[in-house]
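The values are calculated or read from the model by the stated rules, or taken from the named source; none is laboratory data. Computed from a prediction, not measured in an experiment: that's the story for all the values here. Here the Cβ positions follow ideal geometry from the backbone for every residue, glycine too, while neighbour counts run over all protein chains shown.
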Amino acid sequence: MSREAKAMVLTGEGINCEYETAHAFSLAGADASIVRLSDLLCGKTKLLDFDIFCVPGGFSFGDDLGSGKVFASRLKSFIERDFEEFVESGRLALGICNGAQILMRTGVFGLDRKTQDTTLTFNDCGHFHDRWIKLKMDPDSKCVFTKGIGLIDLPIRHAEGKFVVKDRETLETLKANRQIVSRYVDENGFPATKFPQNPNGSAESAAMGCNKRGNVLWTMPHPEGFAYFCQHPNFARKKELLKRAGKEIPTKGDGLKIFENAVGFATDNLA
Amino acid sequence: MDSFLDANQSFIQVGFRQASTDALGEKMKKDAFEDLGTTGIQDVKTAKMYSIDFALSNEQLEQVTSKILADPVNETYSINTQLEIPDGFDWMIRVGFKPGVTDNEGKTALLAIKDLLKIEADKKSKVYTSTLYMLKTKDMKEKDIENIASNLLANKLIQYIKVTDLKDWDKKSGLEYMPRAGSNDPVLAKEINLQVSDSQLTDISRKGTLSLNLKEMKLIADHFTDPAVFEERSKLGLGKNPTDVELEVLAQTWSEHCKHKIFNANVEYTGPDGKTQEINSIFNTYIKKSTDIIGSEKDFLVSVFSDNAGIVKFDDTYNIAMKVETHNSPSAKDPYGGAITGVNGCHRDIMGVGIGAKLIGTTDVLCFADPFYDKPLPPGNKVLHPRRIMKGVMKGIEDAGNKTGVPTVNGAMIFDNCFLGKPLVYCGTLGLISKTVAGKPSEDKSINVGDKIVMVGGKIGKDGIHGATFSSETLTEASPSSAVQIGDPITQKKAYDFLLKARDLGLYNAITDNGAGGLSSSVGEIAEISGGCIFHLDRAPLKYEGLQPWEILISESQERMTVSVPVEKLDEFTALAKEHEVEATVLGEFNASGKMHALYDGKTVSLLDMEFLHNGVPKMHLKARWQPTKRGEPADALETDFGTALKKLLSALNICSKEKFVRPLDHEVQGGSVGKPFVGVENDGPADAAVLRPVLDSFEGIIVSNGIIPQYSLIDTYHMSANAIDEAIRGVIAVGGDLDEIAFNDNFCWPSPLEDEKKMGDLVRANQALFDYTVAFGTPCISGKDSMTIDTVFSDENGNLQKVSGIPTLLISAMAKMKDIRLAVTMDAKVEGDLVYVIGKTKNELGASEYYKMHGLVGDNVPRVDAQTAKKLYNALSDATSKSLVASLHDCSQGGLAVTLAETAFSGGLGIESDLAMVPAASFLTDEQVLFSESAGRFVATVDPKNRYEFEDALAGNCFACIGRVVETPVLKVKGLNGNDAICESLSDLKRAWQSTLGAV
C-alpha cells in the first residue's frame, strides 16, 4: 500500500495563501506541511523529501522590484540543484499567483528548462483585481493537475498576471507542446481577449501553463479559492436552484480537483 | 563633485522594452485624463531608477540588474546612463521620496543585492528608488507637466519631484537622486522651563504640537516643582522642570487621542425639555453601562473595553476579536500613506490584543467629499481634491490589506461635502485567537518584574512624530508633515508571522502595538501591569542617525510591537526572530518602581511617576445643550416621474455601485470568504454584509456589517445613532444572521465640541440613543474609539480663518457568529415566479433622506427606530432564514423601497412586478413617500411560492406583505396607489444608472 503523498506548501517573506492552500492539499488527501522559505534554504527541510512542491499566492517581498523576482532569486541561489532534480524526477510543482510569478522567474518553464522566456507582468488595466473568471482547460495538455477538468470558475487576485512570451516562435512551440493549459474564456467558452473576461490581457488568453513534461504548473487563478462550494460568489444562488431541482448541494468546490489530481498522481506514481 | 562620477554610487534604470505594453504608463495617461482632464498626453513610458549609495563593481551591477531587477522577457535597462528616450518624447517627470520617507522598494532592492552578491552591506548602505515618467505630449507647457506631477503622481509633502524639458536634456542630470536622511545635530535631552507666564505655557504647547491646554500645562509645571518629586529626580541629575522627553510623553499620554478626555468629562447637559442634568463621563454613563447591563445576560463576552480590541467567544476552541480605528488626519495630508498606516495600524491592535490574535478580515468605511467637486478648493493648496483623497485612500487600503494577506471583507463609502477638509477613514479588523495559548487564557496579558522589554519589527525614524497630538488637533496649514508616513506591509507581515510563532511557543508574556505615541504609549501602558519600567532609548534601532531621545520615544514609525519576554526565554525569542529575519531589540526591563525611567547613553532623560502619567490628567468640564431645529416638510410632491427619479437616486453617490473601487481589494485571501461584497447573477449586486469562515475545518462563520448614516445628524444625532445601530443589525439579519449573536464596535467622529455646546449636545444625544437601542436590542458594544476633531481650518483669500467641519458621524460595526454559513442568504432575486415581500412598516420618514437630498431639502421627519417591533421582526426573520425559507433578502436603507426593489431585481437579472397598495405602510402616504421613505426596520424578500405558508407562519405577528412577483421580463414595474404604473423601467437602464456614476468596472 502506498503512503500518503507529501506536499510542501511554502511560506514566508510575504507569501500569504499558505493556510488555505495547505488546507486544500489536506482535503485532497495529502500530508501537507507549511514550510518557511528560510527553513528550506538553510537545509532544515529538504525539498527532495516531498512529492509535491507548492509555492502559494501572496506578495513575496511586497512585489517590490517586480513580483516574484527576489523570492525566485533566493530559490535559485540556494536550492537550484535540488529543484532541478525534483522536477526531473517527475515530482509535481505548483505555483499559484505569486507562486506562478516566482516559478516562472526560476526559468523552469523555459524551453531549455532553465532560461526564462515567458513572463507575467502588469495587467493591462494597470491595477490589482479580485474577481471570478471562467476558464477552459486544454483537454490535450499533458498537465497532471488539470486532467478531467473542462470549464471551471475560479477567482483571480493579482496585479501582475499578464502572460507575455519572448517571441512568436516560442509561443508557437508552447502551443504545439500544449503547454498553455488553461485559457480565460467568454460566456460562450471562447478564448477571451477583452477585459474583464480576460482580466489582464494575457497572450493566448493564457491563465495557466505547464512545462513540457506537464509536472510543473503555473496558475494565476487560485484553485484553493474554490476548494469549497460555498466559496463561489454565486453560492447562495446555485444552492437555491439545486435545492428546487431536488439535487444535492455539493460541499467541495471545483478548484479542489486540481489538488486531487496532484495528490492522486503523486500517490499512484511517487509515494 | 558630479555624482555621476562618484565611484561609490551607481544608478540603474529599468524600463519596458519598446515592443512591450507599459501598463503603468497607460494607466497614468488614463488617470491624467480622468482626474485632471489632461488631453495633451500622447504616450507615456515609465521606468524605475535605483540609486545605489555604496560601491559596486560594473560586473556586480550587471549581475544584479540582469538577474533580479530587469525581467529578461519584457524589460530593458541601463547602468549609469539614462535609458534610451524614445523619439518625440518631450518631458520627463521623476518622482522619488524626500529624505527619511519610507522607501520599501529601496529596502527590498538592498536586500536582494546583498542576497545575490552575498555581500554584507553596512548600516549606511542604502538604495533609493524613484520613478521616471517620459511623456510625449502635444501643446503642453511646463506648468501643465508640473500640475500632473504634483496633483497626480506625487505628494510634495513626502515626495520629491523633478520635471525636465527633454529638449535641453543633459543625460547626466538625470542621475543624481540620492535622498540621504539623518542629521548631525547633537543628540541630547533638554530641560523645558515651565516656570513661565500662562501665555508662554500656551505657546510652548502650541509650537511643540503638544495639544496640552493651559490647565494641563500648569498642572505639569506644578508637578515637577513638588518637593518630593524634585528630590527623587535630583538624585538622577534632573531639575525642577520636565525634560523635553518627559513633556512629550505626557503630551502623548494625555492627548485626546489616547485619553478620550471628552468622553470622560463631566458634562452639564441641557436637553430639549430645558432640564439640565450632570453626566459624569459619557463613556461610563451610556456605552459602558449598556454593555454592563447586556453583559449580565450574555455568555459570549470575553474582554470588553479593556484592551486593544474587544473579544467575544466564537466556538469551543476560538475567540474572535474586533477593533475599528480611524486615521482621518493623516489621510487628509497623504491619503495613500494615511490609509495604509490606518489599516496596518488597526491590524496591530489585533496583533496586540490579549496575547496576540490572527488577522482574519478588514472592514473599511470611508467618508469623502464629492469626487466630482468642481468649486475652488480652500486656498493654500493644503486641502487635496476629494477625488485624489479617495483614490489615494483606496490604494492605501489595497496595499495594506492585500500585501499582508488580510481580506478586506466589506465596507462602505459615504459622500458629503462636509468631509472636504478631512475625510473619515475608518479601519476595522477582526482577529481569531485560541481560547488558551501556551496553557494560559489568551485574553490575559501578564508581566513579571524582570521581564525584558523587547521591540519587534520596524526601525524608528522621524515619521509619525506627533501623530497622537496632531490627530487631536484641528488640521491647519502648519500641521507637521512628519506626522505623515508610509507603511511597510511586508515588514509588518514578517513580524506578524514571527510573533504568532513565538506566541504559540509561549516565548513572551505580554504584547501590545506601537501606535499613537510610539514606545511612550506601548511601554508606558503595559508597564502598568508590573508597575514600572526602565529602558534605554539609545538601544532602539534607527532608520537613520540623528534622532533626539524624545523623537525615539514618541515616533510612530510603523510595524512595531512591544513584547515582554521572560529572561529565560530571551535567547530562544531572539534566535527565532533572527531566523525570521525580523528585528527584535531588548530595550530594558519591566519593574515595580512606579516610574517610567528612560535613559539615553546611560543618562536619565525621563523619570515619570506612572501614577501621574496615567491618572494625572485633569478631568474636563463641558457644557452641552440641544434643541431641535424645525425646517418643515415639503407640502407637495417633488416629482411626478418616479422612474426617472429612481434612476437619479440609483446614481447618487451614496447609493451607486462602488465596485470599481472595491475590486482592487482582495476580499478572498485566507479562503474563508462566503458572503462577498458583490453578489448576484453577474456578481455585481450590493451585498448587505460579509460572511466569512475563519476556520476552514468548520462551517461556523462570522458576519460583518456596518451601519453609518451621518446625514441624519442634520436633524437629530439621537436618530442618527439609532439608525446606524439598526442598519448594522439589518445587515446581519439580511444575510441570515441572528440578533442574539451580535456585538458592536462604536466609533465616533465628531467636530470639536470643546467650545461648542450644540456639538457637545449632539454627542450626548447620540450616546443616549446608543444606550437606549443597544440595551433594547441586547447588542453590546465591546470596543470603541473616537476622533473628536474632524475640523479643518484654513485662511481664505482675505486672510480670514475659515473652518470646514464634518458632521457628527457614528459608525456602528457589527459582527455576529453564524452557526452554519451554508445557510447564508444573498440579496438578488433568484427564480422567476417567486413572491416579493416587503417586511417592516413604511412611514412618512423622508427627513434627511437621499431623496430629499437630491432635491436640496433636509426636512424634519427623520426615520425613528421602533426597537421593540424591530426586535420581534428580526428574530422572526432569523427563524425564516435558518429554515431556508427565503430565496433572497435585502436590507432597505438609503433611497428607500424603490432602490431596494431595483437592486433586488437587477442583481438577479430578473424583473419584479409589484403594487404599492400592498406595501404595509402608515395611512395617507403618497406614492413618493412609500417609494422613497427611509423608515428603519425594513427588508425586501423573495420567497419560493412553495414556501409561502411556512414563511408567513414564521413571520406571523409582524408587519409584512406580499407585494408582487419575480418575473422573467427584465423590467421593474411598480403599480402606484392609484393603479397606474408608478415605475416601469428596464433593468438595464436601472443598472446602468447605478453603475455609471463611479464608472462601470
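Looking across the range A:165-175 at every residue that is within 12 Å of another protein chain (Cβ to nearest Cβ) and part of a helix (DSSP H, G or I), the one that is farthest from the chain's Cα centre (by Cα) is identified as A:168.
Listed here are the residues, each with its yes/no results for (1) out of contact with any helix residue (DSSP H, G or I) (no Cβ under 8 Å at 6 or more places or on another chain); (2) within 12 Å of another protein chain (Cβ to nearest Cβ); (3) not β-branched (Val, Ile, Thr).
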| site | (1), (2), (3) |
| --- | --- |
| B:676 | yes, yes, yes |
| B:694 | yes, yes, yes |
| B:713 | no, no, yes |
| B:729 | no, no, no |
| B:743 | yes, no, yes |
| B:752 | no, no, yes |
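Looking only at residues in the range A:212-265 that are in a strand (DSSP E or B) and surrounded by 24 or more Cβ atoms within 10 Å (Cβ to Cβ), the one that is nearest to the other protein chains (Cβ to nearest Cβ) is A:228.
When you look at residue B:841, is it in contact (Cβ under 8 Å) with a residue 60 or more places away in the chain, within 23 Å of residue B:897 (Cα to Cα) and in contact with a Cys (Cβ under 7 Å, 6 or more places away or on another chain), yes or no? It is true that residue B:841 is in contact (Cβ under 8 Å) with a residue 60 or more places away in the chain, within 23 Å of residue B:897 (Cα to Cα) and in contact with a Cys (Cβ under 7 Å, 6 or more places away or on another chain). Only one of the listed residues (B:652, B:584, B:645) is in contact with a Phe, Trp or Tyr (Cβ under 9 Å, 6 or more places away or on another chain), over 26 Å from residue B:372 (Cβ atoms) and either touching a residue at least 60 places away in the same chain (Cβ under 8 Å) or surrounded by 21 or more Cβ atoms within 10 Å (Cβ to Cβ) (or both). That residue is B:584. For the range B:123-141, the set of residues classified as touching a residue at least 12 places away in the same chain (Cβ under 8 Å) and surrounded by fewer than 18 Cβ atoms within 10 Å (Cβ to Cβ) consists of B:124, B:125, B:138, B:139, listed by residue number.
Would you please name the residue that is nearest to residue B:504 (Cα to Cα), looking only at residues in the range B:434-465 that are among the charged types (D, E, K, R) and assigned to a loop (DSSP other than H, G, I, E, B)? Per the stated criteria, the residue is B:435. Screening B:891, B:866, B:828 for residues that are within 14 Å of another protein chain (Cβ to nearest Cβ), among the acidic types (Asp, Glu) and within 32 Å of the chain's Cα centre (by Cα) leaves exactly one candidate, B:828.
One line per residue, one yes/no per condition, for (1) in contact with a Phe, Trp or Tyr (Cβ under 6 Å, 6 or more places away or on another chain); (2) assigned to a strand (DSSP E or B); (3) surrounded by fewer than 19 Cβ atoms within 10 Å (Cβ to Cβ):
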site	(1), (2), (3)
B:557	no, no, no
B:606	no, yes, no
B:633	no, no, yes
B:657	yes, no, no
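When the test is whether a residue is within 14 Å of another protein chain (Cβ to nearest Cβ) and in a loop (DSSP other than H, G, I, E, B), residue B:628 does not pass it.
Put simply, of A:120, A:103 the only residue that is buried (at least 24 other Cβ atoms within 10 Å of the Cβ) and away from every other protein chain (no Cβ under 14 Å) is A:103. For the range B:173-203, filtered to residues that are in contact (Cβ under 8 Å) with a residue 40 or more places away in the chain and among the aliphatic types (A, V, I, L, M), the residue that is farthest from residue B:244 (Cα to Cα) is B:175. Within the range B:290-337, track down each residue that is of a type outside the set (A, V, I, L, M), under 13 Å from the mean Cα position of the chain (by Cα) and modelled with pLDDT of 90 or more. Residues satisfying the conditions are B:323, B:325, B:326, B:327, B:328, B:331, B:335, B:336.
Okay, residues lined up against (1) more than 23 Å from residue B:957 (Cβ to Cβ); (2) without any contact (Cβ under 8 Å) to a residue 60 or more places away in the chain; (3) of a type in the set (Phe, Trp, Tyr):
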| residue | (1), (2), (3) |
| --- | --- |
| B:860 | yes, no, no |
| B:871 | no, no, no |
| B:876 | no, no, no |
| B:880 | no, no, no |
| B:896 | yes, yes, no |
| B:903 | yes, no, no |
| B:914 | yes, no, no |
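Mind checking whether some residue in the range B:236-251 is of a type in the set (D, E, K, R) and more than 32 Å from the chain's Cα centre (by Cα)? Yes, the range B:236-251 contains a residue that is of a type in the set (D, E, K, R) and more than 32 Å from the chain's Cα centre (by Cα). Screening the candidates B:786, B:828 for the property of being surrounded by fewer than 22 Cβ atoms within 10 Å (Cβ to Cβ) and touching a residue at least 60 places away in the same chain (Cβ under 8 Å) yields one hit, B:786.
With a requirement of 3 or more residues that are more than 23 Å from residue A:259 (Cα to Cα), the helices (runs of 4 or more DSSP H) lying completely within the range A:1-91 that satisfy it span A:37-41, A:69-88.
When B:396, B:461, B:401 are checked against the criterion of being at pLDDT below 90, among the small types (Gly, Ala, Ser) and buried (at least 22 other Cβ atoms within 10 Å of the Cβ), a single residue qualifies: B:461. Inspect the range B:809-821 for any residue being within 24 Å of the chain's Cα centre (by Cα), more than 30 Å from residue B:908 (Cβ to Cβ) and outside any helix (DSSP H, G or I) and give the result as yes or no. Within the range B:809-821 (the criterion being within 24 Å of the chain's Cα centre (by Cα), more than 30 Å from residue B:908 (Cβ to Cβ) and outside any helix (DSSP H, G or I)), the answer is yes, since at least one residue qualifies. When the range B:677-692 is limited to residues that are among the hydrophobic types (A, V, I, L, M, F, W, C) and in contact (Cβ under 8 Å) with a residue 24 or more places away in the chain, the one that is farthest from residue B:888 (Cα to Cα) turns out to be B:692.
Take the conditions (1) under 26 Å from residue A:63 (Cα atoms); (2) within 14 Å of another protein chain (Cβ to nearest Cβ); residue B:432 misses just one of them, which is (1). Scanning the range B:755-788 for residues that are within 29 Å of residue B:349 (Cα to Cα) and either assigned to a strand (DSSP E or B) or modelled with pLDDT under 90 (or both) returns B:781, B:782, B:783, B:784, B:785, B:786, B:787.
Candidates are the residues of the range B:112-127 that are charged (D, E, K, R) and either at the interface with chain A (Cβ under 10 Å from one of its Cβ atoms) or under 12 Å from residue B:63 (Cβ atoms) (or both); the one that is farthest from the chain's Cα centre (by Cα) is B:118. Under the condition of being closer than 18 Å to residue B:833 by Cβ and either surrounded by 15 or more Cβ atoms within 10 Å (Cβ to Cβ) or without any contact (Cβ under 8 Å) to a residue 40 or more places away in the chain (or both), the residues counted in the range B:962-1001 number 11. Looking at residue A:7, is it touching a strand residue (DSSP E or B) at 6+ places or on another chain (Cβ under 6 Å), of a type outside the set (Lys, Arg) and either more than 10 Å from chain B (Cβ to nearest Cβ) or over 30 Å from residue B:75 (Cα atoms) (or both)? Yes, satisfied. Of the strands (runs of 3 or more DSSP E) that lie entirely inside the range B:1-107, those containing 3 or more residues that are crowded, with 22+ Cβ neighbours inside 10 Å and within 14 Å of chain A (Cβ to nearest Cβ) span B:10-16, B:41-52.
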